[in-house]
Amino acid sequence: MYENVSFVKEHCFGCRSCEQVCSIKCIDMKANAEGFLYPGVNEAACIHCGRCVQSCPAEQSDLHRNRPFEMYGIKSRDEKAVMNSASGGAADAAARSIILEGGVVFGAAYNEKQKVMHIEVDQADDLYRIQSSKYVQSDLAECYSRAKEYLKEGRKVLFTGTPCQIAGLYSFLGKEYGSLYTLDLICHGVPSPLFFEKYNEFIEKKMGGKVLEYNFRSKERKGWGTQLLLKIRTRTDARTQLFSLSRYGRHFLDGDCYRMSCYQCPFADMKRCGDLTAGDYWGINRYNPEMFSEKGVSSVGVNTEKGKELLNKMNIEAVPIKEEAFLEKQDNLKHPTPMPDSRKTFYVNVSEENFIDSIKVGILLKERIKALIPAKVFVFLKKIRG
């Protein structure tokens with residue numbers, strides 16, 4: 001047992017940088033009552049070297065911050081990869097270019113228990129595991145340490161993740177590596193793994209079997225750029241519903257289930273942590289309607305010369321876009337998600353067995369009407385509205 005265990009509160013991102021940098025291993029990440037990881041310190045063993053504080057991205061939030069000097073609308077030329085990606089397959093195209101050069105890619109994936117973990121991939125056939133959005137905070141485990149080992153060997157590494165996870169990597173490394181490339185994702189905020197675990201239990205009970213697949217951005221029925229569709233598959237059943245009408249999706253979209261640090265995120269602006277920044281090109285109907293594809297289109301910000309180098313190697317179609325197009329419907333490039341009053345009580349009963357049954361489900365009439373609109377009609381209406 002630890003003595004005098006203290007937890008960093010509001011500013012911690014849960015990235016594990018402090019845990020991995022500690023030379024005497026006196027820091028362990030522990031889940032709090034809401035299910036978010038925070039560092040627990042064995043005060044009796046701590047030698048007060050200060051390395052944990054020096055490697056904390058909350059303490060070095062200005063490290064490796066660059067404003068995009070070029071912005072693009074992007075579609076991967078690999079149509080299968082695009083269909084399996086959240087938008088236009090930008091991150092996947094970057095990953096494939098690194099793997100072609102014998103490199104390693106780190107990204108978020110589901111494990112066999114549907115827990116979201118960061119993993120390493122060095123084969124193109126395995127990239128499907130880290131494709132598409134995983135709307136929950138991923139556990140980085142020992143990925144920073146693993147990435148450092150590869151970098152010291154001179155091997156190319158692409159690290160993808162939320163801006164705070166990229167910031168944590170740079171803080172952990174403490175130096176620049178020429179073979180490191182990073183891609184940060186435009187992030188709204190992250191729900192807790194415990195919330196997702198509870199939701200998974202709820203779904204497995206409802207569907208009568210173990211969930212084999214979650215896809216929060218399924219394009220099978222309505223394509224991209226219309227509505228977010230959640231697809232869930234077991235061995236004997238598969239169901240798809242509007243994300244906003246699910247018990248999990250409603251609260252993700254309402255923003256009342258995020259980590260506390262998300263509401264004051266220092267990375268929610270145009271000074272980016274990654275060499276590249278990727279998200280959905282929501283402004284396409286207004287600025288580049290000729291490029292629209294129901295398979296998906298990404299917006300990508302080039303933040304460093306290394307990012308430009310990586311972009312030039314990617315197998316993509318690209319069109320330059322202006323900053324106003326890049327910012328369209330991307331409020332988290334301007335400010336953090338505001339904290340709703342309901343966040344104060346959202347996780348109060350999360351440990352109870354019927355937690356998911358007790359929270360609100362999406363019953364908004366507007367959302368139900370949208371669910372009935374055919375995809376082609378929805379896209380047409382979006383185009384004429386600009």
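The values are calculated or read from the model by the stated rules, or taken from the named source; none is laboratory data. None of these values were measured; they are calculated from a predicted model. Counting neighbours? That spans all protein chains shown, and the Cβs are built from the backbone with ideal geometry, glycine included. The protein model used for the area step is the full one, side chains on, heavy atoms only, and it has no ligands, DNA or RNA in it. Shrake-Rupley method; radii C 1.70, N 1.55, O 1.52, S 1.80 Å.
What to note about this one:
- Full extension of the chain between LYS25 and GLU43 yields a length gain of 5.3 nm, computed as 0.36 nm times the residue separation minus the alpha carbon distance.
- Near MET29, the amide H atoms lying under 5 Å from its own belong to GLY40; only residues 5 or more places off or on other chains count, and H is placed 1.01 Å from N.
- Within the stretch 215-320, the GluC sites (Glu not before Pro) that combine a DSSP coil assignment with at most 16 other C-beta atoms in a 10 angstrom radius are GLU220, GLU294.
- Positive minus negative residues near THR236 (Lys, Arg vs Asp, Glu; Cβ under 14 Å): +2
- 15 Å Cα-Cα reach of LYS231 towards aspartates and glutamates, excluding residues that sit fewer than 8 places from it in its own chain: GLU204, GLU213, GLU220
- The residues of the chain present an accessible area of 46 Å² per residue when probed at 1.4 Å with all protein chains retained.
- Nearest-20 debye value, the chain charge dipole, Cβ charges on Lys, Arg, Asp, Glu: 1240
- In sequence order, calculated HN-Hα J values of the stretch 257-262 (Karplus, 6.51, -1.76, 1.60; Hz; x Gly/Pro): 10, 7, 4, 4, 5, 5
- Rg of the Cα atoms in the stretch 176-224, relative to 2.2 N^0.38 Å, amounts to 1.73.
- The chain: proportion of alpha-carbon pairs further apart than 40 angstrom, %: 12
- For the stretch 89-128 versus the stretch 228-270, the gap between their alpha-carbon centres in whole angstrom: 21
- Cross-link partners for LYS334 among the lysines, with Cα-Cα distance under 20 Å and sequence neighbours closer than 8 places in the same chain left out: LYS271, LYS322.
- Residue among THR236, THR337, THR304 with the largest mean-square fluctuation in a Gaussian network model of the chain, springs linking Cα atoms under 10 Å: THR236
- Accessible surface of the stretch 105-151, 1.4 Å probe, proportion on carbon and sulfur as whole %: 42
- Helices in the chain, meaning DSSP H runs of at least 4 residues, each add -39500 (n - 2.57). Divided by all residues, the mean residue ellipticity at 222 nm is -8000 deg cm²/dmol.
- Two-decimal Rg/Rh across the stretch 309-357, once Rg and the Kirkwood Rh are taken from alpha-carbon atoms: 1.29
- Packing-based order for 319-331, 185-197, 338-350, using average beta carbon neighbours within 10 Å, highest first: 185-197, 319-331, 338-350
- Residues whose amide H falls under 5 Å from that of GLY296, counting only those 5 or more places apart or on a different chain, are TRP224, with hydrogens built in the peptide plane.
- Residues of type lysines that LYS156 reaches as a straight line, Cα spacing below 20 Å, ignoring anything fewer than 8 places off in the same chain: LYS148, LYS175, LYS306, LYS308, LYS313
- Expressed in units of 2.2 N^0.38 Å, where N is the residue count, the Cα radius of gyration of the stretch 49-124 is 1.45.
- Neighbourhood net charge (14 Å Cβ-Cβ; Lys/Arg +1, Asp/Glu -1) for LYS334: -1
- Spatially near lysine pairs across the stretch 1-116, Cα under 30 Å, sequence gap of 8 or more or different chains: 11
- Rounded to the nearest whole Hz, the Karplus-based 3J(HN,Hα) values (6.51 cos²θ - 1.76 cosθ + 1.60, θ = phi - 60°) of the stretch 126-136 follow the sequence 9, 5, 4, 5, 10, 7, 6, 7, 10, 5, 7, with x at glycine and proline.
- Once backbone amide H atoms are built at 1.01 Å from N, LEU229 has SER218, PHE243 as its partners under 5 Å, excluding neighbours fewer than 5 places away on the same chain.
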